[in-house]
Amino acid sequence: MTGSDDLIRQARSATVGALPKSPRMNTAVIACIDARVEPNRVLGGDQGDYHVIRNAGGLVTDDALRSLMVSQSHGTTRVIVMMHTDCAAMAYPAAAERARLEQETGQRIEFKLHPFDDLETELHRGVAQLRSTPFLPHTENIRGVIYDVETGRVRTVVD
């Protein structure tokens, strides 16, 4: 058996109970995939409290916006964009990796890799993008925060 088989078997035996589609806190969180960043724990919540949208870097991308549109159709009215210190996505050499992967595979990468080099600048950009989109009915309560992976503290950058 593989490690994945063990995880799937463990998940099948877990009992969760019925949870609603709409999160109890009426909040969606866009966060990084980094395993050190657990939005429920960072924000003091539990399973079912938030819709969590994750991608490398915790960036506001087209797909994050699509997920947020669905989230708001299920009752969320608040958004927290949560980036974090020591983020590997920030140091990701997007141009070099694109060139390497395209040469190795012979295929063109059609999607954006979203390189960025400053957390606060990217956080301001993402929050501004969400606040200005006509596709979200609730843009009045969007905040941008940075989670410090060493101290566990959250600092509001965009209020």
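Computed quantities for the displayed model
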| read-out | value |
| --- | --- |
| Sole residue being exposed (fewer than 15 other Cβ atoms within 10 Å of the Cβ) and out of contact with any Gly (no Cβ under 9 Å at 6 or more places or on another chain), chosen from ARG66, ARG54 | ARG66 |
| Some residue of region 108-131 being closer than 25 Å to VAL52 by Cβ, among the hydroxyl-bearing types (Ser, Thr, Tyr) and surrounded by 15 or more Cβ atoms within 10 Å (Cβ to Cβ) | no |
| Verdict on ASP86 being in contact (Cβ under 8 Å) with a residue 60 or more places away in the chain, surrounded by fewer than 15 Cβ atoms within 10 Å (Cβ to Cβ) and out of contact with any strand residue (DSSP E or B) (no Cβ under 9 Å at 6 or more places or on another chain) | yes |
| Residue within region 117-134 that is over 17 Å from PRO39 (Cβ atoms) and in contact with a Lys or Arg (Cβ under 9 Å, 6 or more places away or on another chain) present | no |
| Residues that are touching a residue at least 60 places away in the same chain (Cβ under 8 Å) and under 16 Å from ALA28 (Cβ atoms), drawn from region 107-138 | GLY126, VAL127, GLN129, LEU130, THR133, PHE135, LEU136, PRO137, HIS138 |
| Pair list, Cβ < 6 Å and 6+ apart or interchain, from region 45-70 residues that are basic (Lys, Arg) to residues that are part of a loop (DSSP other than H, G, I, E, B) | ARG54/ILE33 |
| Condition check for GLY57: at pLDDT 95 or above, assigned to a loop (DSSP other than H, G, I, E, B) and of a type outside the set (Phe, Trp, Tyr) | yes |
| Qualifying positions in region 5-23 - at pLDDT 90 or above and either over 25 Å from CYS87 (Cβ atoms) or touching a Gly at 6+ places or on another chain (Cβ under 6 Å) (or both) | SER22 |
| Failed item in (1) loosely packed, with under 12 Cβ neighbours inside 10 Å; (2) on the phi > 0 side of the Ramachandran plot; (3) modelled with pLDDT of 90 or more; (4) not β-branched (Val, Ile, Thr), with ASN26 passing the rest | (1) |
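The values are calculated or read from the model by the stated rules, or taken from the named source; none is laboratory data. None of these values were measured; they are calculated from a predicted model. Methodologically, a virtual Cβ is constructed for each residue, glycine included, from the backbone with ideal geometry; neighbour enumeration extends over all protein chains shown.
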